[in-house]
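Enquirer: Could you have a look at this structure, given as structure tokens, before my questions?
The values are calculated or read from the model by the stated rules, or taken from the named source; none is laboratory data. These figures come from a predicted structure and were not determined experimentally. Ideal geometry is used to build each Cβ from the backbone, glycine not excepted, and the neighbour counts take in all protein chains shown. Side chains are part of the model used for accessible areas, which takes the heavy atoms of the whole protein and leaves out ligands, DNA and RNA. Shrake-Rupley method; radii C 1.70, N 1.55, O 1.52, S 1.80 Å.
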Protein chains: 2
Amino acid sequence: VSTVCVPSESIRDRLADLDVEVLVWDWRAEPPPGLDRVELVVPPYMDRPPQARALAALPNLRVVQLLSAGYESWPPVLPPGVLLCNGRGIHGASTAELAVGGLISLTRNLPRLLDQQRQARWVADRTDGLDGKRVLILGVGDIGGRVAAAVTALGATATLVGRTARDGVHALDQVADLLPDHDVVVVALPYSDRTHRLVDAKFLAGMPDGARLVNVARGAIVETDALLAELTSERLSAFLDVTDPEPLPADHPLWSAPNVLITPHIGGGTTGWQRRAEDLVRTQVQRLLAGEGPLNVVNAA
Amino acid sequence: VSTVCVPSESIRDRLADLDVEVLVWDWRAEPPPGLDRVELVVPPYMDRPPQARALAALPNLRVVQLLSAGYESWPPVLPPGVLLCNGRGIHGASTAELAVGGLISLTRNLPRLLDQQRQARWVADRTDGLDGKRVLILGVGDIGGRVAAAVTALGATATLVGRTARDGVHALDQVADLLPDHDVVVVALPYSDRTHRLVDAKFLAGMPDGARLVNVARGAIVETDALLAELTSERLSAFLDVTDPEPLPADHPLWSAPNVLITPHIGGGTTGWQRRAEDLVRTQVQRLLAGEGPLNVVNAA
């Protein structure tokens, strides 16, 4: 690799000592000269389509390095033969942190307690807690593994579910049998045809009364109307960092449903992520300079 | 042991199959007959003084089994020779859970995000996160150990501080040297003469700008006025489940200080705690019936 294109000056600065030409382009400004030489491109984080037009400006492209864990919108626009690498590891800790924080907020009723603070009222009602709870974690990547370790430290037991069964991991097609024995379900799966609306009315009906759903993956893994019905009847509760549709329109009934906490897709968006992003891009460029293949390839190129 | 006194029927029921007489007394109702035979007493959880008067009704007392981790009000009223056992393990998971949930709420600014939910507004501002943060944990008991494991799973590094130095644990008298290199301080120490107002103006001044304090131990370990000054200047932020005074009066300025989240001493108060409490009391009675010493003795009787 001789020329790469990155979306920010901070990433460029992390590559300054490497033997490679670095262009900076955020995909919004006018394309800079030299894009025809680019072999590795890092698109801006959480950019919206059209990516195809930007990719068309990169005739020598070999590798697309995303800064997100999710990559579902890329394969359809990717030129043939180009490797797609996701940002596994960049956002895992902060997304797991939000999943755990949201789950604790829901379980310990922190919003009500913080309302009491605003009213200067000291009312120590007992709440539920994670201690002794059975947590089913869908997804065994960086996020799922971190959530499992954290809730285990807090007295819960974690059951892991991956795409295929292996030691200590159940297969996704067994999930219906597992649901009745779990108090919490955490969704940390990649979005795909197979996970689209996986959490539908039947899935939710399998969760026991009072169970809690956490989604920090993609909104469309959950069927919103089915979840809304379970929230409205107050049978289930949920913490959602992602929704379908997204952004959630101001008049959507999910905003004010009972027993739901919603954050605006900020799982990966902490101030510390740039450091991890820069580390990953640097590692990938070093590997390509050394003639090695990149890490985190998610397509079969 | 032939007779024990417990504060609830649920604990009595857990002892039903053991060869021991069980009296139920919540220390508020009239004392039941037979207290003169009681050798082990379990006072009600979070009861207020006077305990001395109740203890005077128990002339054959050998063991006091508390249901709380903290025990600082008991040694002054305990008759000579009576063993005092705390509730180590009953509340550790739920208190650690609240410490972690409060820290994440503070770090990720969850209260502001939940206000946006009430306003049906989707605004994905970037927030800080625990990933890469250095967390100093004062206290290496059940609570401190669980907090350390959880924050480590979420990408932070944990430094442990106990009363004395040992492998992997710094001594409390080294804490001033450690403060400048940590972004978060979690207080999970027992309250004692040595920890009374440990977190004073000088301690707080040693914490770097923007650092966060979490107190889930006892309010009087922190000097409230000194903390209030650091919060008001917006140099530090805090999550407090315990305060001094407690309950916090409605007109106390801490309620509305900037950058503070306050919950009303609910660390140990989750619905699951009774099960653990019953388990511990049962274990202790079994040990005494077998002629063994009780667990969790906290005084040198």
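Enquirer: Condition first: of a type in the set (A, V, I, L, M), under 30 Å from A:I137 (Cβ atoms) and open to solvent by 10 Å² or more (accessible area, probe 1.4 Å). Can you find one or more residues in region A:39-48 that meet it?
Expert: yes
Enquirer: Give me the pairs, please: first residue somewhere in region B:272-296 and on the phi > 0 side of the Ramachandran plot, second residue anywhere and not aromatic (F, W, Y), beta-carbon distance under 7 Å, and either six or more positions apart or on two chains.
Expert: B:N296/B:C85; B:N296/B:N86; B:N296/B:R88
Enquirer: Something else now. Just the residues that are assigned to a loop (DSSP other than H, G, I, E, B), farther than 28 Å from A:G129 by Cβ and in contact with a helix residue (DSSP H, G or I) (Cβ under 7 Å, 6 or more places away or on another chain), please, taken from region A:199-224. Before you say what the answer is, go through the steps one by one.
Expert: Quick first cut of region A:199-224, residues assigned to a loop (DSSP other than H, G, I, E, B) only: A:200, A:207-211, A:216-218, A:223.
Now narrow it down to the ones that are farther than 28 Å from A:G129 by Cβ: A:200, A:218, A:223.
Correct list: A:D200, A:E223.
Enquirer: Counting only residues that are over 17 Å from the mean Cα position of the chain (by Cα) and over 12 Å from B:L110 (Cβ atoms), how many does region A:85-107 have?
Expert: Within region A:85-107, the subset over 17 Å from the mean Cα position of the chain (by Cα) is A:104-107.
After this cut, where a residue has to be over 12 Å from B:L110 (Cβ atoms) as well, the list is A:107.
Of the residues in region A:85-107, 1 are over 17 Å from the mean Cα position of the chain (by Cα) and over 12 Å from B:L110 (Cβ atoms).
Enquirer: Based on what the data block shows, is B:R37 at pLDDT below 95 and out of contact with any helix residue (DSSP H, G or I) (no Cβ under 8 Å at 6 or more places or on another chain)?
Expert: Numbers: at pLDDT below 95: no; out of contact with any helix residue (DSSP H, G or I) (no Cβ under 8 Å at 6 or more places or on another chain): yes.
Judged against the criteria, B:R37 is not a match.
Enquirer: If you don't mind, another one. Output yes when any residue across region B:149-164 is farther than 30 Å from A:H91 by Cβ and at pLDDT below 95, and no when none is. Spell out the reasoning first.
Expert: Kept after step one, since they are farther than 30 Å from A:H91 by Cβ, are these residues of region B:149-164: B:161-164.
Now drop any that are not at pLDDT below 95, which leaves B:163-164.
Within region B:149-164 (the criterion being farther than 30 Å from A:H91 by Cβ and at pLDDT below 95), the answer is yes, since at least one residue qualifies.
Enquirer: For residues that are open to solvent by 20 Å² or more (accessible area, probe 1.4 Å) and assigned to a loop (DSSP other than H, G, I, E, B), tally how many sit in region B:1-36.
Expert: Summing the residues that are open to solvent by 20 Å² or more (accessible area, probe 1.4 Å) and assigned to a loop (DSSP other than H, G, I, E, B) in region B:1-36 gives 17.
Enquirer: List the pairs whose first member sits in region B:185-214 and is open to solvent by less than 20 Å² (accessible area, probe 1.4 Å), whose second member is among the acidic types (D, E), and whose Cβ atoms are under 6 Å apart, counting only residues at least 6 apart or on separate chains?
Expert: Every condition considered, the pairs that remain are B:L204/B:E230; B:A211/B:D183.
Enquirer: Which one of the conditions (1) more than 14 Å from chain A (Cβ to nearest Cβ); (2) open to solvent by less than 20 Å² (accessible area, probe 1.4 Å); (3) of a type outside the set (A, V, I, L, M) does B:P80 fail to meet, given that it meets all the rest?
Expert: Single failed check for B:P80: (2).
Enquirer: For region A:225-260, name all the residues that are without any contact (Cβ under 8 Å) to a residue 12 or more places away in the chain and in a loop (DSSP other than H, G, I, E, B).
Expert: A:S233, A:P249, A:A250, A:D251, A:H252 - these are the residues of region A:225-260 that are without any contact (Cβ under 8 Å) to a residue 12 or more places away in the chain and in a loop (DSSP other than H, G, I, E, B).
Enquirer: Suppose we filter B:L254, B:L213, B:L295, B:L227 for residues that are under 26 Å from A:W122 (Cα atoms), more than 10 Å from chain A (Cβ to nearest Cβ) and more than 18 Å from the chain's Cα centre (by Cα); which single one remains? Break it down into steps so the answer makes sense when it comes.
Expert: Numbers: B:L254 fails: more than 10 Å from chain A (Cβ to nearest Cβ); B:L213 fails: more than 18 Å from the chain's Cα centre (by Cα); B:L295 fails: under 26 Å from A:W122 (Cα atoms).
From the options B:L254, B:L213, B:L295, B:L227, the qualifying one is B:L227.
Here's the yes/no breakdown for (1) out of contact with any Leu (no Cβ under 9 Å at 6 or more places or on another chain); (2) open to solvent by less than 30 Å² (accessible area, probe 1.4 Å); (3) among the aromatic types (F, W, Y):
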site: A:V216; (1), (2), (3): no, yes, no
site: A:D225; (1), (2), (3): yes, no, no
site: A:A229; (1), (2), (3): no, no, no
site: A:I262; (1), (2), (3): no, yes, no
site: A:A290; (1), (2), (3): yes, no, no
site: A:G293; (1), (2), (3): no, no, no
site: A:V298; (1), (2), (3): no, no, no
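Enquirer: Residues to consider are A:R14, A:R53, A:R62, A:R28; find the one that is of a type in the set (K, R) and more than 25 Å from A:H91 (Cα to Cα).
Expert: The conditions single out A:R53.
Enquirer: What do you reckon, is B:A120 open to solvent by 40 Å² or more (accessible area, probe 1.4 Å) and either touching a Lys or Arg at 6+ places or on another chain (Cβ under 7 Å) or among the aliphatic types (A, V, I, L, M) (or both)? Reasoning before the result, please.
Expert: On the way: open to solvent by 40 Å² or more (accessible area, probe 1.4 Å): no; either touching a Lys or Arg at 6+ places or on another chain (Cβ under 7 Å) or among the aliphatic types (A, V, I, L, M) (or both): yes.
No: the conditions fail for B:A120.
Enquirer: Can I ask one more? So which residues in region A:140-173 are surrounded by fewer than 22 Cβ atoms within 10 Å (Cβ to Cβ), within 19 Å of A:R212 (Cα to Cα) and over 20 Å from the mean Cα position of the chain (by Cα)?
Expert: Answer for region A:140-173, where residues must be surrounded by fewer than 22 Cβ atoms within 10 Å (Cβ to Cβ), within 19 Å of A:R212 (Cα to Cα) and over 20 Å from the mean Cα position of the chain (by Cα): A:T152, A:G155, A:T157.
Enquirer: So A:E72 clears everything in (1) in contact with a Leu (Cβ under 9 Å, 6 or more places away or on another chain); (2) open to solvent by 60 Å² or more (accessible area, probe 1.4 Å) except one condition, right? Which one?
Expert: Failing condition for A:E72: (1).
Enquirer: With the structure loaded, tell me whether B:R53 is more than 8 Å from chain A (Cβ to nearest Cβ) and modelled with pLDDT of 95 or more or whether it fails that test.
Expert: no
Enquirer: Hey, A:L179 hits all of (1) in a helix (DSSP H, G or I); (2) within 19 Å of the chain's Cα centre (by Cα) but one; which does it fall short on?
Expert: (2)
Enquirer: Restricting to region A:267-290, give me the number of residues that are at pLDDT 95 or above and not in a helix (DSSP H, G or I).
Expert: 1
Enquirer: Output the number of the condition that B:E234 fails; it satisfies all remaining conditions of (1) more than 14 Å from chain A (Cβ to nearest Cβ); (2) over 24 Å from B:D209 (Cα atoms).
Expert: (2)
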